1. Please verify whether the stretch 150-162 includes one or more residues that are surrounded by 13 or more Cβ atoms within 10 Å (Cβ to Cβ) and under 28 Å from residue 215 (Cα atoms).
2. Taking the stretch 71-81 as the region of interest, how many residues are within 12 Å of the chain's Cα centre (by Cα) and either open to solvent by 40 Å² or more (accessible area, probe 1.4 Å) or among the β-branched types (Val, Ile, Thr) (or both)?
3. Look at the stretch 51-70 and say how many of its residues are part of a loop (DSSP other than H, G, I, E, B), modelled with pLDDT of 95 or more and surrounded by 10 or more Cβ atoms within 10 Å (Cβ to Cβ).
4. Among the residues of the stretch 148-168, how many are away from the ligand (no atom under 15 Å from the Cβ) and part of a helix (DSSP H, G or I)?
5. Of (1) near the ligand (Cβ under 9 Å from one of its atoms); (2) surrounded by 19 or more Cβ atoms within 10 Å (Cβ to Cβ), residue 96 satisfies all except one. Which?
6. Checking the condition in contact with a strand residue (DSSP E or B) (Cβ under 8 Å, 6 or more places away or on another chain) and within 12 Å of the ligand (Cβ to nearest atom), which residue from 75, 85 passes?
7. Just one of the numbered conditions (1) free of Cβ contacts under 8 Å to residues at least 24 places away in the same chain; (2) touching a Phe, Trp or Tyr at 6+ places or on another chain (Cβ under 8 Å); (3) not aliphatic (A, V, I, L, M) is not true of residue 40; which one?
8. Are any residues in the stretch 122-131 under 15 Å from the mean Cα position of the chain (by Cα) and crowded, with 20+ Cβ neighbours inside 10 Å, and if so, which ones?
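The values are calculated or read from the model by the stated rules, or taken from the named source; none is laboratory data. All of these numbers come straight from a predicted model, not from anything done at the bench. Cβ: placed from backbone, ideal geometry, glycine included. Neighbour counts: every protein chain shown. Remember, those area values only see protein heavy atoms, side chains included, never the ligands or the DNA or RNA. Shrake-Rupley method; radii C 1.70, N 1.55, O 1.52, S 1.80 Å.
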Amino acid sequence: MTDPDASLDPAAPDLDPAAMRKHYRAEGLAERDLADGPVEQFARWFRQAAAQAHLFEPNAMIVSTADGDGRPSARTVLLKQFDERGFVFYTNYESRKARDLAENPYVSLLFPWHPMARQVIVTGVARRTGRDETAAYFRTRPHGSQLGAWASGQSSVIASRAELDASYAELAARYPEGVEQVPVPPHWGGFRVAPSTVEFWQGRENRLHDRLRYVAEPDGGWRVERLSP
Ligand SMILES: Cc1cc2nc3c(=O)[nH]c(=O)nc-3n(C[C@H](O)[C@H](O)[C@H](O)COP(=O)(O)O)c2cc1C
């Protein structure tokens, strides 16, 4: 029998990360092309990202947090809403990320739109969404996801997969679909990240990428600065 992992030999030339090199397209991002504010600019790029067949989930972003001692952690989360007030995601309020945010509300969101040689990096402060807003979003989730929010004690250590499945099955029996409304778990809800900086990165030739960053001004406006790649 052939070894199914044989092709994963890290010494194979096509798997040498140092030899992996993509050439980024030449079209750049110029100051004159930018929208007045970062949310409108994000909306433009998000629309383009959503139209990209290669981007499975354009709303997937990497949320980085740090605890009160400055220890960082990162994970992928789905963006569920954005407007002038900020960028919203939903999660478990007892998860590691939520505990971090309770100790230290500073957060970074990174959208890795690699097929477009683009990334957007938001930094800002995260605050919980109101319960009404959370409930309104929770009601739009599929029944199974609503049960999942109850079944999972996100980020805690569990004994087995069976424990998780049993918890889900119990909830599914208690709240049959279309019969009983699943209540919003008190330990579940949203965070809205109010941006203080938003950087738009466009990969270009020779590693001379464009990096344009909006920085929030005290009067509510935005300053744009160009960063060296
Ligand atoms: C594509 C993708 C989307 C995800 N979306 C979410 C999400 O919207 N909310 C969430 O809590 N976890 C989401 N997760 C799971 C998180 O990455 C993470 O495992 C979980 O939130 C626990 O993180 P923590 O222990 O650092 O708090 C997603 C994972 C992936 C790969």
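1. no
2. So in the stretch 71-81, the residues within 12 Å of the chain's Cα centre (by Cα) come out as 74-81.
Next cut, either open to solvent by 40 Å² or more (accessible area, probe 1.4 Å) or among the β-branched types (Val, Ile, Thr) (or both) only: 74-78, 80-81.
Counting residues in the stretch 71-81 that are within 12 Å of the chain's Cα centre (by Cα) and either open to solvent by 40 Å² or more (accessible area, probe 1.4 Å) or among the β-branched types (Val, Ile, Thr) (or both) gives 7.
3. Counting residues in the stretch 51-70 that are part of a loop (DSSP other than H, G, I, E, B), modelled with pLDDT of 95 or more and surrounded by 10 or more Cβ atoms within 10 Å (Cβ to Cβ) gives 5.
4. Within the stretch 148-168, residues that are away from the ligand (no atom under 15 Å from the Cβ) and part of a helix (DSSP H, G or I) number 7.
5. If we test residue 96 against (1) near the ligand (Cβ under 9 Å from one of its atoms); (2) surrounded by 19 or more Cβ atoms within 10 Å (Cβ to Cβ), just (2) comes out false.
6. Only one candidate qualifies: 75.
7. Unmet for residue 40, out of (1) free of Cβ contacts under 8 Å to residues at least 24 places away in the same chain; (2) touching a Phe, Trp or Tyr at 6+ places or on another chain (Cβ under 8 Å); (3) not aliphatic (A, V, I, L, M): (2).
8. Scanning the stretch 122-131 gives 122, 124, 126.
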